[in-house]
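Engineer: Sharing a structure with you now.
The values are calculated or read from the model by the stated rules, or taken from the named source; none is laboratory data. Keep in mind that this is a model prediction, so the values were computed, not measured. No Cβ is skipped: glycine too gets one built from the backbone with ideal geometry, and neighbour counts run over all protein chains shown. Accessible surface is based on the protein model in full, side chains and every heavy atom, while ligands, DNA and RNA are left aside. Shrake-Rupley method; radii C 1.70, N 1.55, O 1.52, S 1.80 Å.
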Amino acid sequence: MAEWVRHPPSKRRVMIAAIVLAIAVAIVAADGLGLWPEWAHMTRPPRTPAGY
């Protein structure tokens, strides 16, 4: 934290981080509300034991 006080990130870097965070929150919110398309979901295959 002291490093950030001495050398704060540039305004451009802060804006990029804010935009990325906003996009991630929007995607999670859309998925939670059921607005995210089904084709965009990842389906995980069932896990099988290592010996099979």
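Engineer: Let a ≥ b ≥ c be the square roots of the eigenvalues of the Cα gyration tensor of the chain; is it rounded (a/c under 1.5), or, if not, prolate (a/b larger than b/c) or oblate?
Structural biologist: oblate
Engineer: Please compute the length gained on full extension between Lys11 and Val25, using 0.36 nm multiplied by the number of residues separating them and subtracting their Cα-Cα distance.
Structural biologist: The span from Lys11 to Val25 would gain 2.9 nm if fully extended.
Engineer: Treating the beta-carbon of each Lys and Arg as +1 and of each Asp and Glu as -1, no other charges, what is the dipole magnitude of the chain about its Cα centre, to the nearest 20 debye?
Structural biologist: 280 debye
Engineer: Going highest first, how would you order 27-34, 6-13 by mean Cβ packing within 10 Å?
Structural biologist: Going from most to least packed, we get 27-34, 6-13.
Engineer: Same structure again: Which value, in Å², gives the accessible area per residue of the chain when a 1.4 Å probe is used on the protein heavy atoms?
Structural biologist: 106 Å²
Engineer: Full extension from Ala40 to Ala2: what is 0.36 nm times the residue separation minus their Cα-Cα distance, to one decimal in nm?
Structural biologist: 9.6 nm
Engineer: Cβ neighbours within 10 Å, averaged per peptide: list 16-25, 38-47 in order, most packed at the top.
Structural biologist: 16-25, 38-47
Engineer: Give me the percent of the accessible area of the chain that comes from carbon and sulfur atoms, probe 1.4 Å, all protein chains in place.
Structural biologist: With neighbouring chains kept in place, the figure for the chain is 68 percent.
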